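Taking it in order: structure first as structure tokens, then the write-up.
None of the figures in this text is laboratory data; all of them are computed from the coordinates on show. The shown structure was predicted, so the numbers you read here are calculated from the model rather than taken from an experiment. For neighbour counting, all protein chains shown are included, and Cβ atoms are generated from backbone atoms with ideal geometry for every residue, glycine included.
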Amino acid sequence: RKEVEQDPGPFNVPEGATVAFNCTYSNSASQSFFWYRQDCRKEPKLLMSVYSSGNEDGRFTAQLNRASQYISLLIRDSKLSDSATYLCVVNMWNQAGTALIFGKGTTLSVSS
Amino acid sequence: DTEVTQTPKHLVMGMTNKKSLKCEQHMGHRAMYWYKQKAKKPPELMFVYSYEKLSINESVPSRFSPECPNSSLLNLHLHALQPEDSALYLCASSPGQGSYEQYFGPGTRLTVT
């Protein structure tokens, strides 16, 4: 089982749609969880951290289910500017200390 | 402000060249990282400097060598690279002390000819 798994998509949605991305992780000892956004040929940018209680930032809502080792990201009222690749990222401890493990990303394309 | 700077933005080098990539952060972060990213793939961790201690991904070839002159600077020295080393090289930093989110620089796009 891969450490962090995501549906690669692509997700093609019209403006105003609601879209949900899912992610699972394999290491139950993982402690921190994030969603990053990456535009084509740009660096990943932190979108939001994910907390057990769930958290919301404007149109974006993230959820974490530790028992199921499952993370989600919900985007409401999609905008053209939301088109990007969304990376599910999990922090894990290894011999190097702490490391971020990236999923392969889910591609979103929002059209008018 | 969360800002990590990297130079150069683009680099073309031959297989016999020696070059260096530079990364700088002024956020007081205690950990810095080098990643390699190929097209349509997620970033792969190469090196970690955390509290002045270096950790290495053992799969990274020795033609890549990191250097951390101080807690704000991180260099990546390149020597005798191969064409398959062409990629986007990303630097990141994180606060440490229980905060593990990482902030990425814009990257150096490296082409090895």
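Only alpha carbons enter this Debye calculation for region B:1-63, each as an equal point scatterer, and the log10 of I(q)/I(0) it gives at q = 0.16, 0.18 Å⁻¹ is -0.70, -0.89. Considering region A:56-112, its Cα convex hull presents a mean projected area of 5.2 nm². For q = 0.11 Å⁻¹, what log10 I(q)/I(0) does chain A give under the Debye formula with an equal point scatterer on each alpha carbon and no solvent? Rounded to two decimals, the profile gives -0.33. Pairs from the list A:K79/B:K36; A:K79/B:K9; A:K79/B:K53; A:K104/B:K19 with a Cα-Cα gap above 32 Å: A:K79/B:K53. Remark: mean inter-chain Cβ contacts per residue of B:48-61 equal 2, using a 10 Å Cβ-Cβ cutoff to other protein chain atoms. Summary of the geometry: region A:2-20 and region B:64-85, compared by the centres of their Cα atoms, lie 35 Å apart.
For chain B, the Kirkwood hydrodynamic radius from C-alpha pairs, put into Stokes-Einstein at 4 °C and a viscosity of 1.567 mPa s, yields a diffusion coefficient of 92 µm² per second. Cα centroids of region B:89-113 and region B:6-29: 12 Å apart.
All other residues with a Cβ under 12 Å from the Cβ of A:G16 taken together, and with Lys, Arg as +1 and Asp, Glu as -1, what is their net charge? Once all neighbours under 12 Å are counted, the net charge is 0. P(r) for region B:50-113, from all Cα pairs and a bin width of 5 Å, is 4, 13, 23, 27, 19, 10, 4, 1, 0 %, short bins first. At the listed q of 0.09, 0.17, 0.18 Å⁻¹, the Debye profile of the protein assembly as shown, built from one uniform point per Cα, gives log10 I(q)/I(0) equal to -0.37, -1.23, -1.34.
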